[in-house]
Amino acid sequence: MAEARTAERAAQGEGHPSGDERFALLDKTLRKARYQQDQLIEVLHVAQDLFGHLSEDILIYLARQLKLPPSRVYGVATFYHLFSFTAPGRHSATVCMGTACFVKGAEEIVQQLEAAHDVRSGQTTEDGELTVSTARCVGSCGLAPVVVVDGVVTSHQTAESTLAHVGEVLAKEPTEAST
Amino acid sequence: MAKQIDLHDVAHSELEMRSRYTTRVKACSSTACLSAGAGPVRQALDQAAEREDVNSDVQVVPTGCMGMCSSGPLVRVEPRGAEPTMYAQVTPDIATRIIREHVVVRKLIDEHVLDEDQPFFSRQRKIVLGNAGRIDPERIEDYVAEGGYQALAGALNDLAPEEVIEIIDDSGLRGRGGAGYPTAKKWDMLRRAEGSPKYLIANGDEGDQGAYMDRTIMEDDPHRVIEGMIIAAYATGASHGYIYVRAEYPTAVERLERAIRVARRQGLLGRNILGSDFDLQLEVRIGAGAFVCGEETALMASIEGRRGTPSLRPPYPTEKGLWGQPTMINNVETLANVPAIVANGAEWFGEVGTAQSKGTKVFALAGSLVNTGLIEVPMGITLREIVFDIGGGIPNDGVFKAAQSGGPSGGCLPASLLDSPVDYESLRKLGSMMGSGGLVVMDDSMRMPDVARFYMEFCREESCGKCAPCRTGTVQMHALLDRICEGVGRRRDLQHLESLCRTVRQTSLCGLGQSAPNPVVSTLDHFRHEYLDLLVPDVSYNGTAPSVPPRPQAPDPAVTTKGGSR
């Protein structure tokens, strides 16, 4: 979505000096937040949405913009689970590890996913295709165990059904889900 | 000045609009039902209504959670002047049939009808969730038609702030976040606190796994939360409010932000609310995934854009809170109770519940049960009623083993305690706690030490690292539990574990650490034999050494660490 907007802006000739239009959108967010330092977490969320992850450059940029020490920005960003500092894979499989899902065997699903794709939870496969992670609770406990594949909640999963579904998603055209 | 909403006008025209339809079809569009396929179901309902040309007679309403999430997607058909019918496990095909057969020719699709007289529904008592599953959460008109914002108007017109606090005090409302502190006492403290501005925070940082009560309230009835906050602010003299919501709840954030925008446009927020001289600014703040931010001092740090680490109390937030100003933090469910109490009076509220714990409590019922979902029950109901009447018992003739309440801060209740009432005092006496309302039922296939290890892993991950007892204690307790669960623990490990539980409980800085040992302690209390069975027997005195499995390697943190990398 960000890309489409970027292209639109470029067509109108409103370039950003960095050459990366995502910064124009980030600047807009900063202006809307009136550069207030207590808006750091909100701004970090927007930055991660735009760039996919928080690189060191982005963190330094935000520190300068909000007139905060880089240590503070880094400290806040690393404190919260939802911020990520490495690029996500093209596809994602998030296994809910809430209590209800745990009781119904989510751990088995994680182990099988990790083994099948040779990746550890929280990491991305070497080819950058799949990120496997766990979530605390996605709030669909009646449907446990739940796995979120590319943002879509799938319910009543087993290790086999998850592996089959993830395999299907990975086999799809790579352009479709690219961000 | 913003235009002032005329509540009676809005309610009247909304009711009139509704009466133009002969049938209203409500389609649950809550998160659980959406993941079960409610989106296509609603589309099918709309399309079928169009195809059958009954568009002008039938209104399809997307609503919030209807409760029985395990039977989703749910659809409720409400013909004018006739009994409503609820349908379970609706697919787009069945949705089409609902319109074609039920709505058009009044023929029920028997095999999908869900009996609304069954205990799951009849044993509940809905106050907070009164509108959930009944109104479109994105339309303020729907809320107003159900009597919404009347309590606020009444309070602003006829009651002094002190009188509002008195009503809340008389009602006996206590904090629904888990601790059960009398709400009116907190309000009074903020009212008396010196300093300006004063802040009010709704705590919607629901981090317990298996708990989604606050989320449902915020998603399904956002205006109820907002109305509760405005009344609370009026009573306490707060001029700024924040609703702190987990970032994992994007729908709740979206609906609250929209509701706030609408309320502001209608003169229900901002300056001179409903023509009075009372002002309130409201804002949504988003967390970023940290369980500890449910703790009030950590939550305030997070709102200030800092690391969400707790700080020592006193000073309490009502003296020195957000940006050093007097601040009050109420749970979302607590605030959602307020409009109903102010509208119907303290006596009405006091009729429900027990002497010490008044009103209702919302629970997220999950685990090994026939019916899982979101329920609201009167306080004092027994665990047995919840598990067997409402929950429908254990599926596949399983045996009830334990119910876990209060998440990682709570404890397990075994079968012998099934008849104990569910209220603040009883649960605390039994070594558990009400918690925010997650209730996970386990059958006899679960090993309790595994459950304790699961929760300890959670606490270890979520410990913010500020104080040593919690930071290192949870790591050590988890390692000990790991040894025991893997069958290589010894008696001494269990002794260490128990002594660490005491230390961490007594010396941690905040509630997270103080309650982290609870799942261990309560499972030890009720299921000690399961731990003992797992221990390696010590060398006995007759000289025969038992075979001892090798010590495991030290756990590799990268392997055992689940979830976010810190």
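The values are calculated or read from the model by the stated rules, or taken from the named source; none is laboratory data. Everything numeric here is computed off the predicted structure, so don't read it as measured data. Note: ideal-geometry Cβ built from the backbone for every residue, glycine included; neighbour counts use all protein chains shown. Side chains are part of the model used for accessible areas, which takes the heavy atoms of the whole protein and leaves out ligands, DNA and RNA. Shrake-Rupley method; radii C 1.70, N 1.55, O 1.52, S 1.80 Å.
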Quick one: count up the residues across segment A:22-56 that are under 15 Å from residue A:80 (Cα atoms) and hydrophobic (A, V, I, L, M, F, W, C).
-> 7
If we scan segment B:219-233, do we find a residue that is at pLDDT below 95, under 20 Å from the mean Cα position of the chain (by Cα) and among the aliphatic types (A, V, I, L, M)?
-> no
Quick one: count up the residues across segment B:467-510 that are part of a loop (DSSP other than H, G, I, E, B), among the hydrophobic types (A, V, I, L, M, F, W, C) and closer than 27 Å to residue B:298 by Cβ.
-> 3
Options B:200, B:156, B:129, B:173: the member that is in contact with a strand residue (DSSP E or B) (Cβ under 7 Å, 6 or more places away or on another chain) and over 16 Å from residue B:344 (Cβ atoms) | B:200
Failed condition for residue B:305, given (1) at the interface with chain A (Cβ under 10 Å from one of its Cβ atoms); (2) open to solvent by less than 10 Å² (accessible area, probe 1.4 Å); (3) within 18 Å of residue B:513 (Cα to Cα); (4) not basic (Lys, Arg), with all others met?
-> (3)
Test result for residue B:317, assigned by TED's automatic domain parsing to the domain that holds residue B:256, free of Cβ contacts under 8 Å to residues at least 60 places away in the same chain and either small (Gly, Ala, Ser) or surrounded by 24 or more Cβ atoms within 10 Å (Cβ to Cβ) (or both) | yes
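A quick yes/no check of all residues on (1) farther than 30 Å from residue B:5 by Cα; (2) surrounded by fewer than 21 Cβ atoms within 10 Å (Cβ to Cβ); (3) assigned by TED's automatic domain parsing to the domain that holds residue B:180:
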| site | (1), (2), (3) |
| --- | --- |
| B:329 | no, no, yes |
| B:341 | no, no, yes |
| B:344 | no, yes, yes |
| B:364 | yes, no, no |
| B:370 | yes, yes, no |
Single condition residue B:162 does not satisfy, out of (1) in the same structural domain as residue B:186 (by TED's automatic domain parsing); (2) part of a loop (DSSP other than H, G, I, E, B) | (2)
Residue check, residue A:158 among the polar types (S, T, N, Q) and either farther than 27 Å from residue B:452 by Cα or within 14 Å of chain B (Cβ to nearest Cβ) (or both) = no
Count of segment B:451-500 residues which are over 23 Å from residue A:105 (Cβ atoms), in contact with a helix residue (DSSP H, G or I) (Cβ under 8 Å, 6 or more places away or on another chain) and β-branched (Val, Ile, Thr) = 2
Give B:435, B:431 a once-over and let me know the one that is within 14 Å of chain A (Cβ to nearest Cβ), in contact with a helix residue (DSSP H, G or I) (Cβ under 6 Å, 6 or more places away or on another chain) and within 25 Å of residue B:508 (Cα to Cα).
-> B:435
The condition from (1) open to solvent by 30 Å² or more (accessible area, probe 1.4 Å); (2) on the phi > 0 side of the Ramachandran plot; (3) away from every other protein chain (no Cβ under 12 Å) that residue B:359 misses is numbered (1)
Look at residue A:151 and say whether it is at pLDDT below 90, open to solvent by 20 Å² or more (accessible area, probe 1.4 Å), within 19 Å of residue B:246 (Cα to Cα) and more than 7 Å from chain B (Cβ to nearest Cβ).
-> yes
Listing of strands (runs of 3 or more DSSP E) fully contained in segment A:60-179 that carry 3 or more residues being assigned by TED's automatic domain parsing to the domain that holds residue A:39 and among the small types (Gly, Ala, Ser) | none
Only one of A:125, A:134 is within 14 Å of chain B (Cβ to nearest Cβ), buried (at least 16 other Cβ atoms within 10 Å of the Cβ) and either of a type outside the set (Asp, Glu) or under 30 Å from residue B:443 (Cβ atoms) (or both), namely A:134
Taking residue B:254 as the residue in question, decide whether it is of a type in the set (Asp, Glu) and either open to solvent by less than 10 Å² (accessible area, probe 1.4 Å) or over 15 Å from residue B:203 (Cα atoms) (or both).
-> yes
Any chance segment B:294-314 includes a residue that's in contact with a Lys or Arg (Cβ under 9 Å, 6 or more places away or on another chain), over 30 Å from residue A:137 (Cα atoms) and modelled with pLDDT under 95?
-> yes
Kindly list the number of the only condition in (1) open to solvent by 10 Å² or more (accessible area, probe 1.4 Å); (2) out of contact with any helix residue (DSSP H, G or I) (no Cβ under 6 Å at 6 or more places or on another chain); (3) closer than 26 Å to residue B:267 by Cα that fails for residue B:248.
-> (3)
Long-range neighbours under 8 Å by Cβ, at least six apart or interchain, first residue on the phi < 0 side of the Ramachandran plot and touching a residue at least 40 places away in the same chain (Cβ under 8 Å) within segment B:408-421, second open to solvent by less than 50 Å² (accessible area, probe 1.4 Å) and of a type in the set (Asp, Glu) | B:408/B:208; B:408/B:462; B:409/B:208
Do we find that residue B:373 is at pLDDT below 90, within 14 Å of chain A (Cβ to nearest Cβ) and in contact with a helix residue (DSSP H, G or I) (Cβ under 8 Å, 6 or more places away or on another chain) in this structure?
-> yes
If only one of A:134, A:162, A:125, A:179 is more than 18 Å from residue B:211 (Cα to Cα), modelled with pLDDT of 85 or more and in contact with a Gly (Cβ under 9 Å, 6 or more places away or on another chain), which one is it?
-> A:125
Determine whether residue B:191 is assigned to a loop (DSSP other than H, G, I, E, B) and in contact (Cβ under 8 Å) with a residue 40 or more places away in the chain.
-> no
Of the candidates A:75, A:52, A:98, the one satisfying the condition of being in contact (Cβ under 8 Å) with a residue 60 or more places away in the chain and either at the interface with chain B (Cβ under 9 Å from one of its Cβ atoms) or surrounded by fewer than 19 Cβ atoms within 10 Å (Cβ to Cβ) (or both) is A:52
